[in-house]
1. In this structure, is Ala182 assigned to a helix (DSSP H, G or I), free of Cβ contacts under 8 Å to residues at least 40 places away in the same chain and more than 27 Å from Gln293 (Cβ to Cβ)?
2. Looking only at region 203-229, which residues are under 21 Å from Tyr82 (Cβ atoms) and in a loop (DSSP other than H, G, I, E, B)?
3. Across region 286-314, what is the number of residues that are modelled with pLDDT under 95 and part of a helix (DSSP H, G or I)?
4. Can you name every one of the strands (runs of 3 or more DSSP E) wholly within region 237-278 that holds 3 or more residues which are surrounded by fewer than 22 Cβ atoms within 10 Å (Cβ to Cβ), at pLDDT 95 or above and of a type outside the set (Ser, Thr, Tyr)?
5. Among what's in region 201-245 and is of a type in the set (Ser, Thr, Tyr) and under 14 Å from the mean Cα position of the chain (by Cα), pick the residue that is nearest to Leu154 (Cα to Cα).
6. Considering only residues that are in contact (Cβ under 8 Å) with a residue 40 or more places away in the chain and among the small types (Gly, Ala, Ser), look in region 200-220 and name the one that is nearest to Leu294 (Cα to Cα).
7. Select, from Val115, Val104, Val128, the only residue that is at pLDDT 95 or above and under 21 Å from Thr249 (Cα atoms).
8. For region 162-191, which positions are surrounded by fewer than 20 Cβ atoms within 10 Å (Cβ to Cβ) and touching a Lys or Arg at 6+ places or on another chain (Cβ under 7 Å)?
Amino acid sequence: MLTRAFARLLFAAVPLLLSACAGNLQGDFSRLNAATTPYADDWTYPVATPVPLMGELGSHFDAEATLAAMPSGAPAIRAASYLLIDANTGRHLAGRAAETPRAVASTQKILTALVVLDAGNLDKRVTVQASDVRVEPTVLGLRPGDSYTRRHLLYAFLIKSCNDVANVLARDNAGSTVAFAAKMTAKARALGCTNSRFYNAHGLTVGGQHSTARDMARIAMAAYRQPVIRDAVRRKYYTFTRRDGRTITLKNTNELLGVMPECNGMKTGYTNASGRCLISTATSRGRSVILVQLGTKTRYIWDDARLLMSWGLKKASGGGLASAW
């Protein structure tokens, strides 16, 4: 009787086992969430099956791509988590641990910029308050009482990654930095980012704040379709004019600009908790790619970006972004 019962149980379990194996072969990890995803570096963690990109893009973001389906031969890079996508279609080209939650440092400032742009009226003047400038380490040196346009601040913010400017833009937009962070998380959700939570506008380390390479790729894809952001992040230098008329030349923190001709953005980030982070974009002959690198522990992040994006530009589809603007 025991043998027959065991046989019946095994027979009933076979379809479930086959289904599970098929799901793994197809990269179907869509049930993973923040509760089951490890926070430690995991060099073999799979990319989850993405959901369609929502929000203002209204386009398809690689609904079937997985690591198993990605082309072989992608150059190896050192990031703990990364994802390379075709910027025209959202198709995944290469990746590793793209669903692992981790701190993303100042790369989240592109989401800050998207929320600011949603409010519009970039020529409105904003007055700096004392609470805005109580932040470190990268600051522009704004003074309480200074008044600047949102546009002027936004360009300085994206190019030089100034944290005091982040606070000014956040408070101006939502009344407080806390309220603004809630808008950031809501914006990320609207873009289909299911594993991200934000608690400030600048990306300095705070408990519970995290995203993933996949979610940041979605955010970067939305930012890439914003003319103001693209114009800012492609600039190697930007002249900032202070209230008293003095000017300061800000150098972009993205060292790929001017070194890799195809590179046209996007945003750097670094904290002790996050390691080196970089979102890069590149375009050549109508083909465009976006690369998110998170948790790199070496200074070779620039070499990795150039190597992998050059490879990706050969694999991406042509056609440009005109239909998505």
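1. yes
2. Within region 203-229, Gly203, Thr205, Gln209, Thr212 meet the criteria.
3. The qualifying residues number 0.
4. 247-251
5. By that ranking, first place goes to Tyr224.
6. Ala213
7. Selected residue: Val128, the only one of Val115, Val104, Val128 that is at pLDDT 95 or above and under 21 Å from Thr249 (Cα atoms).
8. Ala174, Thr185
The values are calculated or read from the model by the stated rules, or taken from the named source; none is laboratory data. Because the structure is a prediction, the values reported are computed rather than measured. As a convention, Cβ positions derive from the backbone with ideal geometry for all residues, glycine included, and neighbour counts pool all protein chains shown.
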